[in-house]
Amino acid sequence: MRLNYKIIFHLMGLLILCNGGFMVLAAVISGIYKDGVTIDIALAAVVTMIVGTLAMFLTRSHEKEVGRKEGYIIVTFGWLIMSISGVLPYIFSGAIPDLTNAFFETISGYTTTGASILDDIEVLPEGILFWRSLTHWIGGMGIIVLAIAILPLLGIGGMQLFAAEAPGPAGDKLHPRITDTAKRLWLIYFGYTVAETILLKLAGMSFFDAINHSLATLSTGGFSTKNLSVAYWNDQPLIQYIIMLFMFLAGTNFVLSYYAFKGKVQKVLHDEEFKFYSIFVISFTIIAALVIFFKANVETSDYHPMVFGEAESAFRHSLFQVLSVITTTGFVSADFTSWTPFLTIFFFGLMFLGGCAGSTAGGIKVMRHLLIIKNGLLEFKRTLHVNAVIPVRYNNKTVREHIVYNIIAFFVLYMLLFIIGSLVLGALGLDFTSAIGGAASSLGNVGPALGTLNPLSNFNSLPALGKWWCGFLMLLGRLELFTVLILFTPYFWKKM
């Protein structure tokens, strides 16, 4: 079976065109704030839209059929082409003139990783800051899912694309037509973003900071408009609690949000993944808070454990950082690597957890961990009862064997890539802590890491090759490994 190259290039053109449209929005913001780069961003938008329109025009006579192979190619190269075109506002404006740095910042945005190479964020023009946050928001729910909502206009079915792009091991359709599913998810995503923006503005943020942090929160991205990230508002707890609420929602399966809005609250409460996700957040927060409460502050100040204000602070920073790392948002309210060696290792471990399947979070995902643990525990029973058929159950339903195998394969491959990623960064000159932290953070789309890449630092110290390597790891993690790696297998390109 021959690949339908025309439809691939046609959809690449559509994605580039959409990217240009978002750049126009950034140019409008730039014009409103009169930051001096409006023409530069507008020029980037025009160039991008011309290229996109040309690609669509030259492939207009295509077969309207997206096969499985085309789906994987479109998703992977779609992310790359969006990241490549997304560097133009940075380069044209001179905000990030170096191509390597501009590409790193862009792919970190689209993959919602939130790792940055910028030493001083606050000197950037408003239009560039908004574009930076917008790359998060575009990538959050998935560039391809957005395209699926538009595909019916072109007479193209999008199920194959959704299968390749949808985060998590299982796609839960809200509606028989996949395009309607995409529209409903985007509506919830957009609604949450508007709600958070309003609440942050009412809590005391400027409108500009509020909308940027909302774009970064719902996408679980983590780009901030401040050098100190959310620590800038440490004296305004309400702002941080609002961000925490929406980080929690962004790390939850968006399908569950849909059910909640439809009044099917029991379906949400009985969902196994949601229950364990909530339990993990609460348990890990209590552990971190107790360590800070009785150890970290005692060693560094005349801290008195009975003072409520300090107890609240310990709880707030613990909850904030646990949510930020588990949901892979990457916002920072404090440097968790300075909270005792135990908590440094503790938060490093959380980088491998991830949010729920069907959320905008990165990482391995809670559902996969659950199924791996359940299958592992059942192996004890299978050892004793060799001939018994004991299936893994999830939400009171039997999980098919091939799904369990797929999840185990994913986990093994993820850990293998983490090791390889760490070795490459080590070979490029990073110390042990920085290498494993950088690899885990990039692959899990977390953002802040360990060592020289800690929450109070950035990734600018990486050598150029290290930045490209971390960008590749970010793409692998965001597209759940198989979508990208399958393109490197020889049998993928064989004619059937």
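The values are calculated or read from the model by the stated rules, or taken from the named source; none is laboratory data. The structure presented is a predicted model; accordingly, all values stated were derived computationally and were not measured. Note that each Cβ is placed from the backbone with ideal geometry, even for glycine, and that neighbours are counted across all protein chains shown. Just so you know, the surface numbers come from the protein's heavy atoms only, side chains and all, with ligands and any DNA or RNA stripped out. Shrake-Rupley method; radii C 1.70, N 1.55, O 1.52, S 1.80 Å.
Tabulated results
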| quantity | calculated |
| --- | --- |
| Cα centroid of region 214-290 to Cα centroid of region 78-94, whole Å | 30 |
| Label-point separation in nm, Thr398 to Glu122, each point 7 Å along Cα→Cβ | 6.1 |
| Accessible surface, per residue, of region 1-99 when the full set of protein chains is kept, probe 1.4 Å, Å² | 47 |
| Residues with amide H under 5 Å from that of Arg393, placed H, sequence gap 5 or more | Val399 |
| Carbon and sulfur %, accessible surface of region 1-89 computed with the full protein complex present, 1.4 Å | 74 |
| Structure-based [θ]222 nm, the chain - -39500 (n - 2.57) summed over DSSP H runs of at least 4, per residue, nearest 500 | -21000 deg cm²/dmol |
| Table column - 3J(HN,Hα) (Hz), region 463-472, Karplus curve with 6.51, -1.76, 1.60, x for Gly and Pro | x, 3, 5, x, 5, 5, 5, 5, x, 5 |
| Relative packing of peptides 284-292, 131-139, 332-340, 53-61 - highest average C-beta neighbours within 10 Å first | 131-139, 332-340, 284-292, 53-61 |
| Shape category assigned to region 387-458 from the gyration tensor of Cα positions, a/c cut at 1.5 | prolate |
| Sorted peptide list for 229-236, 2-9, 320-327, criterion being average Cβ within 10 angstrom, highest first | 320-327, 229-236, 2-9 |
| Magnitude of the charge dipole, the chain, Cβ model with Lys/Arg +1 and Asp/Glu -1, debye to 20 | 2200 |
| Accessible area per residue in Å² at 1.4 Å probe, computed on region 384-434 | 67 |
| Fraction of accessible area attributable to carbon and sulfur, region 317-382 (%, probe 1.4 Å) | 76 |
| Nearby aspartates and glutamates by direct alpha-carbon distance to Lys6 (threshold 17 angstrom, same-chain neighbours under 8 apart not counted) | Glu63, Glu65, Glu70 |
| Long pairs among Lys467/Lys494; Lys264/Lys397; Lys69/Lys374, criterion Cα-Cα beyond 24 Å | Lys467/Lys494; Lys69/Lys374 |
| Under 19 Å from Lys226, Cα to Cα: lysines that are on another chain or at least 8 residues apart | Lys201 |
